[in-house]
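These notes are about the structure you will find just below.
The values are calculated or read from the model by the stated rules, or taken from the named source; none is laboratory data. The shown structure was predicted, so the numbers you read here are calculated from the model rather than taken from an experiment. Cβ placement follows ideal geometry from the backbone for every residue including glycine, while neighbour counts extend to all protein chains displayed. Ligands, DNA and RNA are stripped out before the accessible areas are found, and what is left, the full protein with its side chains, is counted by its heavy atoms. Shrake-Rupley method; radii C 1.70, N 1.55, O 1.52, S 1.80 Å.
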Amino acid sequence: MTLILLLLAFLAPMACGFLLARLRPQMSGFAAALVAALALLAAFLAYSWYLAAHSMGDTPLALPALLVFGLIAWLMGFGLAFFGHSLGRRKV
């Protein structure tokens, strides 16, 4: 179940970028990727909330680690969304 949710979280920004390219072709790839990257960031925030609700103790470096991993998740979402947008702009 976890692997399926992880796969869906990584496919969401690519699908959002693809849909933005099809629905709004005048939107630039950079702007579409910024918007579509929010899908992976939302999944990361939901997972962070789940971890915070089910953690047994406080760790001193939990917040900095979540901030770093959140930035990495947003950057990965941006790259995947930009790739999805470029796939959506291709003419078949």
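General observations
- Per DSSP, loop trypsin sites (Lys or Arg not before Pro) in the chain with at most 10 further Cβ within 10 Å: R90, K91
- In the context of the full set of protein chains, the chain has a per residue accessible area of 73 Å² (1.4 Å probe).
- Each residue of the stretch 30-41 was assigned a 3J(HN,Hα) from its phi angle through the Karplus curve 6.51 cos²θ - 1.76 cosθ + 1.60 (θ = phi - 60°); the sequence is 5, 5, 5, 5, 4, 6, 6, 5, 5, 5, 6, 5 Hz, with glycine and proline shown as x.
- Counting protein heavy atoms only, the chain has 78 percent of its accessible area on carbon and sulfur, 1.4 angstrom probe.
- Set the Cα radius of gyration of the chain against 2.2 N^0.38 Å, with N its number of residues, and you get 1.24.
- Folded to 0 to 90 degrees: helix 2-23 orientation relative to the chain principal axis, Cα: 30
- Nonlocal amide H pairs with A37, under 5 Å, H built at 1.01 Å: none
- Using the rule -39500 (n - 2.57) for each DSSP H run of four or more residues, divided by the residues of the chain, the 222 nm mean residue ellipticity is -27500 deg cm²/dmol.
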